[in-house]
Amino acid sequence: MVADGNARLVLELWIERFPNRAIPCARTFTSVVQHLRDHGTFKPQTHDRGRDRTERILQAEEEILECVEEDADISTRRLQLQLEFHSL
């Protein structure tokens, strides 16, 4: 590690490298290091997040088509409210 876990030294390096940026508190750096130790990355984990998006979209399509078949004049707003779609 660059500063061997020394938050104060990291803060000094930050100020030296980014003189015109806001200075984060030392806890910010400690949290960043801990996150990397725990997860090894900053990328969000995308596995095990419920049903697959494709599956959700196919289910939504079926529900929409059924509603439109029942009432061809239904508005998209009413569809959203009726089916309680927030986001897919």
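The values are calculated or read from the model by the stated rules, or taken from the named source; none is laboratory data. The structure displayed is predicted, hence computed values, not measured ones. In this analysis, Cβ positions are derived from the backbone assuming ideal geometry, glycine residues included, and neighbour counts consider all displayed protein chains.
For the stretch 4-18, the set of residues classified as modelled with pLDDT of 75 or more and not in a helix (DSSP H, G or I) consists of Asn6, Phe18, listed by residue number. Determine, yes or no, whether Leu65 is at pLDDT 85 or above and either out of contact with any Lys or Arg (no Cβ under 7 Å at 6 or more places or on another chain) or part of a helix (DSSP H, G or I) (or both). So Leu65 fits the description; yes.
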